[in-house]
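First the structure, in the form of structure tokens, and then the observations on it.
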Amino acid sequence: MLELHNVSHIYPNGTRALDDVSLTIPKGMFGLLGPNGAGKSTLMRTIATLQLPTSGRLVFDGIDVLAQPEAIRAQLGYLPQDFGVYPRVSAYDLLDHMAVLKGIAGRGERRDTVETLLNQVNLWDVRRKAVAGYSGGMRQRFGIAQALIGNPRLVIVDEPTAGLDPEERNRFLNLLAEIGENVVVILSTHIVEDVTDLCPRMAILGQGHILLEGAPGALIDGL
Ligand code: ADP
Ligand code: ADP
């Protein structure tokens, strides 16, 4: 469970991107919905410990995120919105390198990790092809594979379905739903259906404020 207590973020130019955000995010899929500029990416980067809030507190499973960022990073998988570096290296080799960076040192353990992930995201057949040549959907599935190295308990995905065709989108969201059975998955998006289709809980962010929070059915009917 992730708790946000009165989190605010003011950029140096004075933009108040997050204004006193308090939220409790349970295990499972959690949708963060809001229009462009609402503050979603700022909130995702704050939870990912890439950015410090101006004020407020974050607690993940009892650990103070700001006091112990390393402890949270060890539990974290992050698929940023601009995950866009697609080198001419195969998915297999990239995941293998990333597993080394995550501290998975043994060759055998690394092979198991990489092979399991490639199967999970359905990229096994193209594992030897350069990621640069992948379609948008394949890249996003590769992105979630790299985010899942090391079995994170907190997974953050920022606007993951932008530019995906309907089939790829469904495939990607189903994959997230599988992951969300065991861990906290926060899905940030401006697409209402991404959230209503698969998140039991959601919040709507607007101009840095939480406007609504609850189960999608109740919230969307009330709009
Ligand atoms: P979203 O992800 O919902 O589109 P963002 O978190 O990217 O929202 O942005 C929230 C607000 O903060 C917007 O007004 C945006 O222009 C502003 N903003 C984002 N990043 C910066 C930054 N580095 N410096 C100044 N303002 C920023
Ligand atoms: P988003 O779709 O999340 O709103 P943007 O296109 O607004 O993304 O932002 C892309 C990048 O530019 C981010 O790193 C963000 O922090 C930065 N950014 C956004 N708005 C501003 C701003 N007003 N001033 C400076 N940087 C900004």
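Here is how the number arises for the chain: DSSP H runs of 4 or more residues each give -39500 (n - 2.57), the sum is divided by the residue count, and the result at 222 nm is -10000 deg cm²/dmol. Taking the C-alpha atoms only, the angle from helix 136-147 to the longest principal axis of the chain is near 80 degrees. Projected label points at Y11 and S135, each 7 Å from Cα along the beta carbon direction, are separated by 3.4 nanometres. To the nearest 10 degrees, how steep is helix 91-101 against the longest Cα principal axis of the chain, on a 0 to 90 scale? Long axis of 91-101 versus the principal axis of the chain: about 60 degrees. On the principal axes of its alpha carbon atoms, the stretch 57-204 extends 41, 37, 25 Å, with the longest extent given first. The angle between the Cα long axis of helix 166-179 and the main principal axis of the chain comes to about 80°, on a 0 to 90 degree scale.
Run the numbers for D197 and H97: contour at 0.36 nm per residue of separation, minus the present Cα-Cα distance, in nm. Write out the running numbers ahead of the final one.
Details: separation 100, 0.36 × 100 = 36.00 nm, distance 3.42 nm.
Fully extending the segment from D197 to H97 adds 32.6 nm.
Taking a ≥ b ≥ c as the square roots of the eigenvalues of the Cα gyration tensor, an a/c ratio of 1.5 or more together with a/b no larger than b/c marks the stretch 154-195 as oblate. With an a/c value of 1.5 or above and a/b not larger than b/c for the gyration tensor axes a ≥ b ≥ c computed over the alpha-carbon atoms, the stretch 1-44 is described as oblate. Can you list the lysines whose alpha carbon is less than 20 Å from that of K40, not counting same-chain residues fewer than 8 positions off? Qualifying lysines at Cα under 20 Å: K27.
Modelled this way, with points 7 Å down the Cα-to-C-beta line, the labels at E115 and Q207 are 5.6 nm from one another.
Using every pair of alpha-carbon atoms in the stretch 90-159, split the distances into 10 Å bins beginning at 0 and state the percent of pairs per bin, rounded to integers. The calculated distribution, bin by bin, is 21, 56, 22, 1. Were the residues from R153 through D125 laid out at 0.36 nm apart, the gain over their Cα-Cα distance would be 7.3 nm.
Rule-based calculations on the coordinates, nothing more; no lab input. What you see is a predicted model; the values in this text were computed from it and never measured. Backbone-built Cβ (ideal geometry, glycine too); neighbour counts: all protein chains shown.
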